[in-house]
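Trainee: Okay, here's the structure, questions in a sec.
The values are calculated or read from the model by the stated rules, or taken from the named source; none is laboratory data. As the structure is a computational prediction, the values presented were derived from the model and not from experiment. Cβ sites come from the backbone with ideal geometry, for glycine too, and all protein chains shown count toward neighbours.
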Amino acid sequence: MKSFASDNYAGVLPEVMEALSRANMDHARSYGADAVTKRTVSLFREVFEAEVDVYFVFNGTGANILSISSATQTFNAVLCADTSHIYNDESSAPETFTGCRFFPLKANDHGKLDVDTIGERLIRKGDVHYPQTALLSITQATEYGTVYTPEEIRLIADLAHEHGLYLHMDGSRFFNAAASLGCGLKDISGDAGVDILSLGGTKAGMMYGEAVVVFNKELSKQIAYKHKQVIQLASKTRFIAAQFEVMLQKEFWRKPATHSNEMAILLSKALAAYPKVVVTKPVQANAIFAEIPRSWYAPLQEHFPFYVWKDSTHEVRLMCSWDTREEDIARFSKAINALNV
């Protein structure tokens, strides 16, 4: 069974599986002191063309918590989009571990934050009765599968820094965003003013694991201790690092990311052929949002699981993955055709 529910449903890239097997051949020092981890950190610095610090973690929630907690105190506030993963899909973990107040800002129709919306909430600085805003978080690609350009990120970063805020990027689909823009990883992170990045690996085809990439050295002062405190320091770090080593070498990440993006475009074109289907968001990464008749949910989900995003408008989310095939899209389209009477 193939799914359009999430790129988390997909298996592991063969090249990543081979890297895990190689890392498993002998003993190695623990907690990141091994040769694979050191080599991979050096590769990160080469790719991002900066002396970044890198911390490997188990999952996306852990990456976001580590990133945010390294830049905040318990009396601080975090600004994020009202559609963001840290606000809607990580339970109360971010608030529990960071102790911060999270303020959701209205995202635009494309799921992005703009400087005007952000500026309206940069208020009450120095007011002891109000949580002091310390960090702004944006998502790349957004929860709607749209992509911030380097210029858009720079405008947001400049505003954040002007007001003494750190800029965090939740990059669970960061590789898809870079592939969509046809740019390098540094162009939409450190070079655009991002202070700290949660870089996703699992949705990109790794077995598990994410990375926190620190561009702003101010955040490096205590993040190693936070890494342990938030329960994200893996004893066998090499198994996460080895996967990222494969992904970053010779821009290997670009091939699976480009493929999943292209499959999303192909799927959106297939959906556009049906008058009862309305694609609601620009297809820029590997996600398609579409309104379909509610009566189609059950018969389609029986063979092609997907998530209902907004039931009141019959909007569903369809995700493509590194292993989505044209035949899968053809079968899905055939199933719709049978219902389109």
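Trainee: Among what's in segment 146-161 and is in contact (Cβ under 8 Å) with a residue 40 or more places away in the chain, of a type outside the set (D, E, K, R) and under 12 Å from residue 188 (Cβ atoms), pick the residue that is surrounded by the fewest Cβ atoms within 10 Å (Cβ to Cβ).
Mentor: In this case the residue turns out to be 150.
Trainee: Taking residue 1 as the residue in question, decide whether it is at pLDDT below 95, surrounded by fewer than 19 Cβ atoms within 10 Å (Cβ to Cβ) and over 17 Å from the mean Cα position of the chain (by Cα).
Mentor: Yes.
Trainee: Are there strands (runs of 3 or more DSSP E) fully within segment 25-131 with at least 1 residues that are touching a His at 6+ places or on another chain (Cβ under 9 Å)? List them.
Mentor: So the answer is 53-57, 76-81.
Trainee: Assuming residue 142 fulfils every condition listed in (1) surrounded by 24 or more Cβ atoms within 10 Å (Cβ to Cβ); (2) under 16 Å from residue 48 (Cα atoms) apart from one, which condition is it?
Mentor: The number of the failed condition is (2).
Trainee: What residue, among those in segment 307-341 that are crowded, with 20+ Cβ neighbours inside 10 Å and among the hydroxyl-bearing types (Ser, Thr, Tyr), is farthest from residue 89 (Cα to Cα)?
Mentor: Restricting to residues being crowded, with 20+ Cβ neighbours inside 10 Å and among the hydroxyl-bearing types (Ser, Thr, Tyr), the top hit is 324.
Trainee: Exactly one condition in (1) of a type in the set (Ser, Thr, Tyr); (2) under 20 Å from the mean Cα position of the chain (by Cα); (3) surrounded by fewer than 24 Cβ atoms within 10 Å (Cβ to Cβ) is not met by residue 260; state its number.
Mentor: Among (1) of a type in the set (Ser, Thr, Tyr); (2) under 20 Å from the mean Cα position of the chain (by Cα); (3) surrounded by fewer than 24 Cβ atoms within 10 Å (Cβ to Cβ), residue 260 violates only (3).
Trainee: With within 20 Å of residue 56 (Cβ to Cβ), assigned to a helix (DSSP H, G or I) and of a type outside the set (Asp, Glu) as the only criterion, which of 225, 208 stands out?
Mentor: The conditions single out 225.
Trainee: Further question: Identify the residue in segment 179-196 that is among the acidic types (Asp, Glu) and in contact with a Leu (Cβ under 8 Å, 6 or more places away or on another chain) and, among all such residues, is surrounded by the fewest Cβ atoms within 10 Å (Cβ to Cβ).
Mentor: 187
Trainee: Considering each of 30, 21 in turn, give the residue that is closer than 12 Å to residue 243 by Cα and polar (S, T, N, Q).
Mentor: After ruling out the rest, the residue left standing is 21.
Trainee: Still on this model: Given the residues 304, 252, 289, which is the only one that is crowded, with 16+ Cβ neighbours inside 10 Å and at pLDDT below 95?
Mentor: Exactly one of 304, 252, 289 is crowded, with 16+ Cβ neighbours inside 10 Å and at pLDDT below 95, namely 304.
Trainee: Looking at the structure I just gave you, is residue 40 out of contact with any strand residue (DSSP E or B) (no Cβ under 7 Å at 6 or more places or on another chain), crowded, with 21+ Cβ neighbours inside 10 Å and either modelled with pLDDT of 95 or more or farther than 27 Å from residue 237 by Cβ (or both)?
Mentor: yes
Trainee: Ok, one more. In segment 289-311, which residue that is assigned to a loop (DSSP other than H, G, I, E, B) and over 25 Å from the mean Cα position of the chain (by Cα) is farthest from residue 9 (Cα to Cα)?
Mentor: Checking each candidate, the answer is 293.
Trainee: When you look at residue 246, is it crowded, with 16+ Cβ neighbours inside 10 Å, assigned by TED's automatic domain parsing to the domain that holds residue 85 and either β-branched (Val, Ile, Thr) or touching a Ser or Thr at 6+ places or on another chain (Cβ under 7 Å) (or both), yes or no?
Mentor: Yes, satisfied.
Trainee: Can you confirm whether segment 238-248 contains a residue that is part of a helix (DSSP H, G or I) and either among the charged types (D, E, K, R) or farther than 22 Å from residue 58 by Cα (or both)?
Mentor: Within segment 238-248 (the criterion being part of a helix (DSSP H, G or I) and either among the charged types (D, E, K, R) or farther than 22 Å from residue 58 by Cα (or both)), the answer is yes, since at least one residue qualifies.
Trainee: Could I ask something else about it? What residue, of 103, 58, is modelled with pLDDT of 95 or more, surrounded by fewer than 19 Cβ atoms within 10 Å (Cβ to Cβ) and within 28 Å of residue 320 (Cβ to Cβ)?
Mentor: Result of the check over 103, 58: 58.
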